[in-house]
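All remarks here apply to the structure that follows.
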Amino acid sequence: MMSCPCDCVGGDTGLPGRKHLKDVKYMFGIVGVPIIEIAIAAQVAGIKYVGMRNEQAACYAASAVGYLTGRPAVCLVVSGPGLTNALSGMANSNMNCWPLIVLGGSCDTNQETMGAFQEFPQVETCRLYSKLSVRPSRLENIPSVIEKAVRTSMYGRPGACYIDIPGDFVNKMTARSAVSFAECCLPRPISLADSAEIQKAIAELKSAQNPLIIVGKGAAFSRAESSVRRLVDECGLPFLPTPMGKGVVPDNHPFCVAAARSSALQNADVILLLGARLNWILHFGLPPRFQPDVKIIQVDICAEELGNNVKPVASLLGDVNAVTQQLLERVRKLSWKYPANTDWWDSLKKKISANEKNSKKLASGESVPMNYYTVFRYVKEALPNDCIIVSEGANTMDIGRTVLQNLHPRHRLDAGTFGTMGVGLGFAIAAAMVVKDEAPGKRVVCVEGDSAFGFSGMEVETICRYNLPIVIIVVNNNGIYNGFDEDSWAKMMQAGDPASVAPPVSLKPNARYEQVMTAFGGKGYFVNTPEELQKALNSSFSDKNAPSLINVMIDPQSDRKEQEFPWLTRSNL
Ligand code: ADP
């Protein structure tokens, strides 16, 4: 094994010591030939290793640590299929702009091109899924390649980096003096926007009739919560968080117009976009969801992002937190504040109160089977204010986002930019590992559609093995989008082979997902009524440590309230 010549922890572990991996605290993976020694060496070097059940979930978990902490975690995988299983996690991380390191074992160098065990063009494959995909040319270069990967994953627009480790490098010996060690990289540099663009931006905001701030997950990543909060407060501006921008400014802030989302987007004339892309989540910034002549003030760390889909009136290239402080300084200098008694505020407030009334009506239903809104009303009442909410599924995620509040930044993880289903359990495991270290006692709540839960349900074993403080709530409608009750299902089964007659959206009615949790020693609840749901929630949250799963049966045909625009509105391109 390679030894570290400096005094850092790690010693004779085969990995560079902790000093060189200072930015890495967690590793998720599945061990096997040829990387098992790397996992052991990582633990010796002080990195926490979490053994998962599928590389895809392991990679989702590692990527979520990157978002939550700002530092990359490692996903460690075996060669060939191990690596290809992790590709979804790499793609998801890269699409979300989250730092991540994937370490993949690969075949011995002297067997390459010979049809070696699990041989695969891994470096070439990972290029499409990452910012950097490399194999150290020599054992002695591993520390400097790792330093470059950690640095690249965090600097500029964050993303995924892949390092290929041939099997024969793992146990090879070399002289300390031959190793080229690299000090850990400096923290990510913070860049400021051009001051002329700052002046332009504030001039546009000042002349706006209907201004709006959109807070994206780039603001959450840059830890801009206190500067954005001050900007909102001091300027008196309405703001709208994107799904993962929720909590940067608390959802219950009086200037939050999330309950009038469509109306705010459609009628705003000047929008300050803080770390969010004008992609499908924001309907490309185009009609019919936006004014055709909407003025965008765009703040982003990535120069190439500026001007995507809509040409901005001011391009603020820089770190959201730093740029927001620049904007604040300018606003203070001009002593400007958007008035509270405008038609814009009136119309937004009217819309908010009408929408809230509508949702309350839907949530007041007590009939069995329950609808989504009733379920989320009880979940909302039971959730600790500071819990991290992980959510995925179609209606489960969309409705849950509107009902469940985030009062803290980086406390919501969901299907994200890539719209990935199956991320939930990996994300929840990552969040639980981080809170165990950084905020003990905090809970992680994973609100899953039944279809979404199925993608990585076996990670419940991982959750129980590490006794993670996670409550999983499966909102079960027996299908993808919609399902069928037991009677309709039985009738369908009489009509022929299920593969020929069962609608592709259907899943087995009344599946007992809670038994996956009890199988591994956690607590499971099967819930049909509002009373049973309340009891299960109380019992899950009162037991501080035990993982639990609440399987909530809802009406298989339950749907969203009528939408003015469907979520995936076609743009007028
Ligand atoms: P959302 O999903 O909330 O709409 P996106 O993922 O689409 O957000 O956009 C996030 C944007 O934030 C990306 O364009 C990314 O380049 C940018 N970003 C990431 N980190 C920072 C930062 N520290 N400062 C400024 N922009 C950032």
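The values are calculated or read from the model by the stated rules, or taken from the named source; none is laboratory data. All figures in this text were calculated on a predicted structure; none of them were measured in a lab. Please note: Cβ atoms are built from the backbone with ideal geometry, for glycine as well, and neighbour counts cover all protein chains shown.
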Within the range 457-502, track down each residue that is in a loop (DSSP other than H, G, I, E, B), of a type in the set (D, E, K, R) and either surrounded by 14 or more Cβ atoms within 10 Å (Cβ to Cβ) or within 24 Å of the chain's Cα centre (by Cα) (or both). D485
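Restricting attention to the range 153-172, does a residue exist that is surrounded by fewer than 18 Cβ atoms within 10 Å (Cβ to Cβ), over 25 Å from S191 (Cα atoms) and in contact with a Cys (Cβ under 6 Å, 6 or more places away or on another chain)?
no
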I need the full set of residues from the range 279-307 which are over 23 Å from A196 (Cβ atoms), hydrophobic (A, V, I, L, M, F, W, C) and either in contact with a Pro (Cβ under 9 Å, 6 or more places away or on another chain) or not in a helix (DSSP H, G or I) (or both), in order please. I281, L286, F290
If we ask which residues in the range 298-340 are touching a helix residue (DSSP H, G or I) at 6+ places or on another chain (Cβ under 7 Å), near the ligand (Cβ under 9 Å from one of its atoms) and of a type in the set (S, T, N, Q), their number turns out to be 1
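Got a number for residues in the range 308-338 being under 16 Å from D194 (Cα atoms) and not in a strand (DSSP E or B)?
16
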State the number of residues belonging to the range 417-432 that are in a loop (DSSP other than H, G, I, E, B), among the small types (G, A, S) and under 19 Å from I463 (Cβ atoms). 1
Can you tell me which residue among V228, V150 is in contact (Cβ under 8 Å) with a residue 40 or more places away in the chain, crowded, with 24+ Cβ neighbours inside 10 Å, within 14 Å of the ligand (Cβ to nearest atom) and not aromatic (F, W, Y)? V228
Could you tell me which numbered condition E183 fails, if it satisfies all but one of (1) at pLDDT below 95; (2) crowded, with 21+ Cβ neighbours inside 10 Å? (2)
Within the range 204-225, which residues are within 16 Å of the ligand (Cβ to nearest atom) and assigned to a helix (DSSP H, G or I)? K217, G218, A219, A220, F221, E225
Which one of these is touching a Gly at 6+ places or on another chain (Cβ under 8 Å) and either farther than 19 Å from Y26 by Cα or touching a residue at least 12 places away in the same chain (Cβ under 8 Å) (or both): N85, N94, N110, N141? N94
Within the range 113-126, the residues that are in contact (Cβ under 8 Å) with a residue 24 or more places away in the chain and either outside the structural domain of T84 (by TED's automatic domain parsing) or not in a loop (DSSP other than H, G, I, E, B) (or both) are Q122, V123, T125, C126
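Looking at this structure, is V248 part of a loop (DSSP other than H, G, I, E, B), within 25 Å of the chain's Cα centre (by Cα) and within 13 Å of the ligand (Cβ to nearest atom)?
So V248 passes the test.
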Taking the criterion of being surrounded by fewer than 24 Cβ atoms within 10 Å (Cβ to Cβ), within 16 Å of the ligand (Cβ to nearest atom) and not basic (K, R), would at least one residue in the range 49-59 satisfy it? no
Can you give me the number of residues within the range 256-278 that are more than 13 Å from the ligand (Cβ to nearest atom), within 19 Å of T324 (Cβ to Cβ) and assigned to a loop (DSSP other than H, G, I, E, B)? 2
